[in-house]
1. Where the centroid of each part is defined by its Cα atoms, how far is region 139-185 from region 266-298 in Å?
2. Computed FRET efficiency, Cβ-Cβ of GLN268 and THR307, R0 41 Å: what is it to the nearest 0.05?
3. Using alpha carbon centroids, what distance separates region 59-96 and region 304-337, in Å?
4. Arranged by the count of other C-beta atoms within 10 angstrom, fewest first, what order do TRP392, TRP30 take?
5. Which whole-number percent gives the relative contact order of the chain, counting Cα pairs below 8 Å spaced six or more residues apart?
6. How big is the charge dipole of region 14-419 about its Cα centre, in debye rounded to the nearest 20, if each Lys and Arg gets +1 on its Cβ and each Asp and Glu gets -1 on its Cβ?
7. How big is the chain by Rg and Dmax over its Cα atoms, in Å?
8. Assuming R0 = 30 Å, what is the FRET efficiency of LEU326 and LEU173, from their Cβ-Cβ distance, to the nearest 0.05?
Amino acid sequence: MSGVVAAHPSPRIHRARAIAAASIGNAFEWYDFSVFVLFAPYLAAAMFPGDSQTAGMVKTLLAFGVGFVARPVGAILIGYFGDYAGRKAALTLTFGLMALGTLIIAVTPGHATIGAAAPILVLVGRLLQGLSAGGEIGGAASFLVEHAPAGRKAIYAAWLQASMAVSNILGALVALAVGAAMSEATIAAWGWRVPFLFGLLIVPVGIWLRATLDETPDFVAARSEEGRAPILATLRQEGANVARGFGISVLWGVSVYALVIFLPVHVQKALGFSAREAFSAALVGNLLLIAASFVSGRLADRIGRRTLMMATAVALLVATPILMALLVSVHALPMLIFAQASFCALVGLFAGAVPAILVELFPTQVRSTGTSLAYNGALTLFGGFAPAIITWLSTTRLGPQAPAYYVSASAVVALIAIATFRRER
């Protein structure tokens, strides 16, 4: 009598679930960050009612940026946890922390109800989100690359950038829906909380997906090796690669925050576009960001990482100021859509392949930690504070073109890092 053999998912289905598990958490992280920025004016009014509009916005965006201070801590702690206990365990932890931080922001009463405790609680929520995000990218990128078949690792990792674009689209749609369904007074009173609560609906599915997946083959093989090098000792040997990863991550983080996430707010404040116009352009732009991310992954697998990075970094350096100047001089919705779409396409072509590039810089034993340190170090210093920095730079002689010059400066940093990469065979 033959026994019943349990059916196992095919490799294709298993990889599809791995993509879904990694992408859904990354999308949740970016969705929360996106709606925080999109609804920052309402958060500023609720948490800093006694300040001027500009001062309240700067304080709110600084609270947004302070969350990034926690990212290096999350990179070290959760990155180490991911290299020690496994990618799956780390990804489940980051998802739970992100959900808790989002819940705190969504339900915190305003300054009128609990006084100074209100912005403090929002800051606590942002710090929890920062801890989560600090460990997310290293774990998710490692998870995808280690599950991917040979010759398709970059396009698998491109799902991270693409899922960010999906979350931005969802955030823009939610913002448009809230704006259409509620008056300004209602949004200011409590409607700004709805997008955060809406995002929490995905939490049970995300935790289940991440908790039920198998560990990656690369991690299992590395864990079984005898005499594995200690993480700290190996990281000391990988200092040059951490610096290289930091350099390309500067452009990744700055371009995403300056040209994708914050630009819809910037064009309203600096150029006088309406919220509907800004969010509509962002919707079109993020559709192109998704497509460009996968094109980037495919090109990186075919022509090589270094060639693609060099070409797209130069494109961001040169084209971003030109596009921003056109937008400033031609104040019209078609130009806004064209500029936003072009920005997103350029960002996607550069950033789509970056997760795979970062992961491949490091050996399996320290892959999650090394990737997290390089990426989050750059975002803490340059990316997370980009909205606040751009808001301040806009008051200087740079004016409304501040985002473009900030991106161009970060492209120079990335090009220096890319120049040190060894040429691929």
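We did not get these values from a lab; they are worked out from the coordinates using the rules stated. From a predicted model like this one, the values you see are computed outputs, not experimental measurements. Cβ coordinates were reconstructed from backbone atoms using ideal geometry, including for glycine residues, and neighbour counts include every protein chain displayed.
1. 13
2. Working: r = 38 Å, r/R0 = 0.92.
Computed FRET efficiency for GLN268 and THR307: 0.65.
3. 31
4. Numbers: TRP392 15, TRP30 25.
With the fewest neighbours first, TRP392, TRP30 line up as TRP392, TRP30.
5. Values: 722 pairs, mean separation 112.0, N = 425.
Reported relative contact order: 26 percent.
6. Values: 23 positive and 16 negative charges, 69 e Å.
In total the dipole reaches around 340 debye.
7. Cα-based Rg and Dmax for the chain come out at 21.0, 84 Å.
8. Working: r = 27 Å, r/R0 = 0.90.
FRET efficiency, LEU326 to LEU173: 0.65.
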